[in-house]
Amino acid sequence: MSRSIRLAVIPGDGIGQEVVAQGLKVLSAVLPQDVKLETQEYDLGAKRWHATGETLPDAEMASLKQHDAILLGAIGDPSVPSGVLERGLLLKLRFAFDHFVNLRPSKLFPNTSTPLAGRPDIDFIVVREGTEGPYTGNGGSLRTGTPHEVATEVSLNTAYGVERVVRDAYERAQVRPRKKLTLVHKNNVLVHAGHMWKNIFDKVGEEYPEVTTDYLHVDAATIFFVTQPERFDVIVTDNLFGDILTDLAAAVTGGIGLAASGNINPSGAFPSMFEPVHGSAPDIAGTGKADPTATILSVALLLRHLGYDAEAGRIEEAVAADLEARDGTARTTDEIGDALAGRVAG
Ligand code: ATP
Ligand code: MG
């Protein structure tokens, strides 16, 4: 295990700045003395775009690549036209660094407000494909803006891309206690891509005999997320279905303030990037109301990815204990960060 971490930090916009500060506070507190943490901050996001018109210049891309991992707060502001920062920065990073695994754990922590309060344990992870599906910009529009406009958005699926993410999901399922993997797709309607996904899922599964498998259409999966969330352990799905399912998962397991994610290149050829699921929340930026827990749990995912399992576990236990102790009194972003930093250090 490397005893130094070179971390690139992109605080970004709005509450991104505020929550990332807390994530770094907890990271410093949890790391053993002998691990050297080097951070480099990048000024990217809405402010930069307004000032210079740049989203993610090549020089910064090359510099980011030199790091072990990236911690991102949030990118986006209503003042920037939709798509500019998403395509120019977030998707650019995801494609350039080949983040083909988008990982989103969903766990029901104690004392969290959820429409499913009182349910048995909810503890599952969604492995969402990150580089294919309808997110490749493959399509076009004819007769744009006329009543006869025709627009296509082609979903791209390669055997290579599907196989590698399915394999990653089996690997993750194999080391969890329940060892269960569910494929979610819509292969009764999306027959071409759907059957390829199912065939590859079955074929790779032959190499993982201990893993129990299951298949659900995406519409059925949304029902079970709400009515029987405990049936899930690991879920693997395509880019678009994963996008929708993971927001639903966040909502049923305590809300957006707790949802963490990783954009991962499991080979380690490029730095993986960890970020809270929520956005820049301009409505509460600067008020101290942002909950930094999702970012702090993203730091735990980051540590686990780099092989610091014990430290990641300490953060997750601290979050569970902190939520258990919450009594409804409002705390500021900083106060929650301090409390968690205290718990992981103590
Ligand atoms: P994006 O397009 O970047 O995903 P969004 O429009 O989906 O952004 P968010 O920025 O995630 O929205 O905010 C959605 C709502 O959730 C807002 O009302 C915001 O205040 C709230 N919210 C988001 N993150 C947090 C947080 N960490 N703590 C408390 N409230 C939050
Ligand atoms: Mg959003």
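The values are calculated or read from the model by the stated rules, or taken from the named source; none is laboratory data. Remember, predicted model here, so these are calculated numbers, not experimental data. In this analysis, Cβ positions are derived from the backbone assuming ideal geometry, glycine residues included, and neighbour counts consider all displayed protein chains.
Grab the helices (runs of 4 or more DSSP H) fully contained in segment 238-346, keeping just those with 3 or more residues being within 14 Å of ligand 1 (Cβ to nearest atom) and closer than 30 Å to His217 by Cα.
Values: elements: 239-252, 293-305, 309-325, 333-345.
Because the criterion is at least 3 residues that are within 14 Å of ligand 1 (Cβ to nearest atom) and closer than 30 Å to His217 by Cα, the helices (runs of 4 or more DSSP H) in segment 238-346 that meet it are 239-252, 293-305.
A quick yes/no check of all residues on (1) closer than 22 Å to Ala318 by Cβ; (2) of a type outside the set (Ser, Thr, Tyr); (3) under 19 Å from the mean Cα position of the chain (by Cα):
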site: Pro32; (1), (2), (3): yes, yes, no
site: Ala62; (1), (2), (3): no, yes, no
site: Ile70; (1), (2), (3): no, yes, yes
site: Pro81; (1), (2), (3): no, yes, no
site: Val84; (1), (2), (3): no, yes, no
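Condition first: crowded, with 19+ Cβ neighbours inside 10 Å and part of a strand (DSSP E or B). Can you find one or more residues in segment 129-149 that meet it?
Taking segment 129-149 as the starting set, the residues that turn out to be crowded, with 19+ Cβ neighbours inside 10 Å are 129-133, 135.
Pick out the ones that are also part of a strand (DSSP E or B) and you get 129, 133.
The answer is yes, given that some residue of segment 129-149 is crowded, with 19+ Cβ neighbours inside 10 Å and part of a strand (DSSP E or B).
Please tell me if Lys203 is touching an Asp or Glu at 6+ places or on another chain (Cβ under 9 Å), in a helix (DSSP H, G or I) and surrounded by fewer than 17 Cβ atoms within 10 Å (Cβ to Cβ). Steps first, answer last, please.
On the way: touching an Asp or Glu at 6+ places or on another chain (Cβ under 9 Å): yes; in a helix (DSSP H, G or I): yes; surrounded by fewer than 17 Cβ atoms within 10 Å (Cβ to Cβ): yes.
In short, yes.
Scan segment 213-239 for residues that are among the hydroxyl-bearing types (Ser, Thr, Tyr) and either in contact with a Cys (Cβ under 9 Å, 6 or more places away or on another chain) or surrounded by 14 or more Cβ atoms within 10 Å (Cβ to Cβ) (or both) and jot them down. Steps first, answer last, please.
Restricting attention to segment 213-239, the residues satisfying the condition of being among the hydroxyl-bearing types (Ser, Thr, Tyr) are 213, 215, 222, 227, 237.
Those that are among the hydroxyl-bearing types (Ser, Thr, Tyr) and either in contact with a Cys (Cβ under 9 Å, 6 or more places away or on another chain) or surrounded by 14 or more Cβ atoms within 10 Å (Cβ to Cβ) (or both): Thr213, Tyr215, Thr222, Thr237.
Asn263 passes all but one of (1) among the polar types (S, T, N, Q); (2) buried (at least 21 other Cβ atoms within 10 Å of the Cβ); (3) modelled with pLDDT under 90; which number fails?
(3)
Quick check: anything in segment 220-234 of a type outside the set (Lys, Arg) and within 16 Å of ligand 2 (Cβ to nearest atom)? Give the derivation first.
First, the residues of segment 220-234 that are of a type outside the set (Lys, Arg): 220-230, 232-234.
If we keep only those that are within 16 Å of ligand 2 (Cβ to nearest atom) as well, we get none.
No, segment 220-234 contains no residue that is of a type outside the set (Lys, Arg) and within 16 Å of ligand 2 (Cβ to nearest atom).
Scan Ser280, Ser298 and give me the residue that is within 14 Å of ligand 2 (Cβ to nearest atom), modelled with pLDDT of 95 or more and crowded, with 23+ Cβ neighbours inside 10 Å. Break it down into steps so the answer makes sense when it comes.
Working: Ser298 fails: within 14 Å of ligand 2 (Cβ to nearest atom).
Result: Ser280 is the single residue among Ser280, Ser298 that is within 14 Å of ligand 2 (Cβ to nearest atom), modelled with pLDDT of 95 or more and crowded, with 23+ Cβ neighbours inside 10 Å.
One line per residue, one yes/no per condition, for (1) among the basic types (Lys, Arg); (2) outside the structural domain of Thr246 (by TED's automatic domain parsing); (3) at pLDDT below 95; (4) within 22 Å of Thr246 (Cα to Cα):
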residue	(1), (2), (3), (4)
Val150	no, no, no, no
Leu181	no, no, no, yes
Val184	no, no, no, yes
Trp197	no, no, no, yes
Lys203	yes, no, no, no
Glu210	no, no, no, no
Thr213	no, no, no, yes
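Return the pair list, or none, for Cβ contacts closer than 9 Å from residues in segment 284-296 that are on the phi > 0 side of the Ramachandran plot and touching a residue at least 40 places away in the same chain (Cβ under 8 Å) to residues that are among the β-branched types (Val, Ile, Thr) and away from ligand 2 (no atom under 15 Å from the Cβ), at least 6 apart or on different chains.
Taking only residues 6 or more apart or on different chains, the pairs are Gly288/Thr332; Gly288/Thr333.
Of the residues that make up segment 199-217, is at least one in contact (Cβ under 8 Å) with a residue 40 or more places away in the chain, within 18 Å of Leu156 (Cβ to Cβ) and touching a helix residue (DSSP H, G or I) at 6+ places or on another chain (Cβ under 8 Å)?
The answer is yes; a qualifying residue exists.
Going by what's in this entry, would Ala193 be described as among the small types (Gly, Ala, Ser), touching a residue at least 40 places away in the same chain (Cβ under 8 Å), within 16 Å of ligand 2 (Cβ to nearest atom) and in a helix (DSSP H, G or I)?
Working: among the small types (Gly, Ala, Ser): yes; touching a residue at least 40 places away in the same chain (Cβ under 8 Å): yes; within 16 Å of ligand 2 (Cβ to nearest atom): no; in a helix (DSSP H, G or I): yes.
So Ala193 does not fit the description; no.
Considering each residue of segment 164-193, count those that are out of contact with any Lys or Arg (no Cβ under 6 Å at 6 or more places or on another chain) and closer than 23 Å to Asp219 by Cα, and give that number. Can you show your working first?
Initial filter on segment 164-193 (out of contact with any Lys or Arg (no Cβ under 6 Å at 6 or more places or on another chain)): 164-172, 174-186, 188-193.
Then keep just the ones that are closer than 23 Å to Asp219 by Cα; that gives 165-166, 169-170, 180-186, 188-193.
Of the residues in segment 164-193, 17 are out of contact with any Lys or Arg (no Cβ under 6 Å at 6 or more places or on another chain) and closer than 23 Å to Asp219 by Cα.
Quick one: in segment 150-178, of everything that is touching a Gly at 6+ places or on another chain (Cβ under 9 Å) and part of a loop (DSSP other than H, G, I, E, B), which residue is surrounded by the fewest Cβ atoms within 10 Å (Cβ to Cβ)?
The selected residue is Val154.
Which one is farthest from Val236 (Cα to Cα), of the residues in segment 106-148 that are in contact with a strand residue (DSSP E or B) (Cβ under 7 Å, 6 or more places away or on another chain), modelled with pLDDT under 95 and among the hydroxyl-bearing types (Ser, Thr, Tyr)?
Among those residues, the one meeting the criterion is Thr136.
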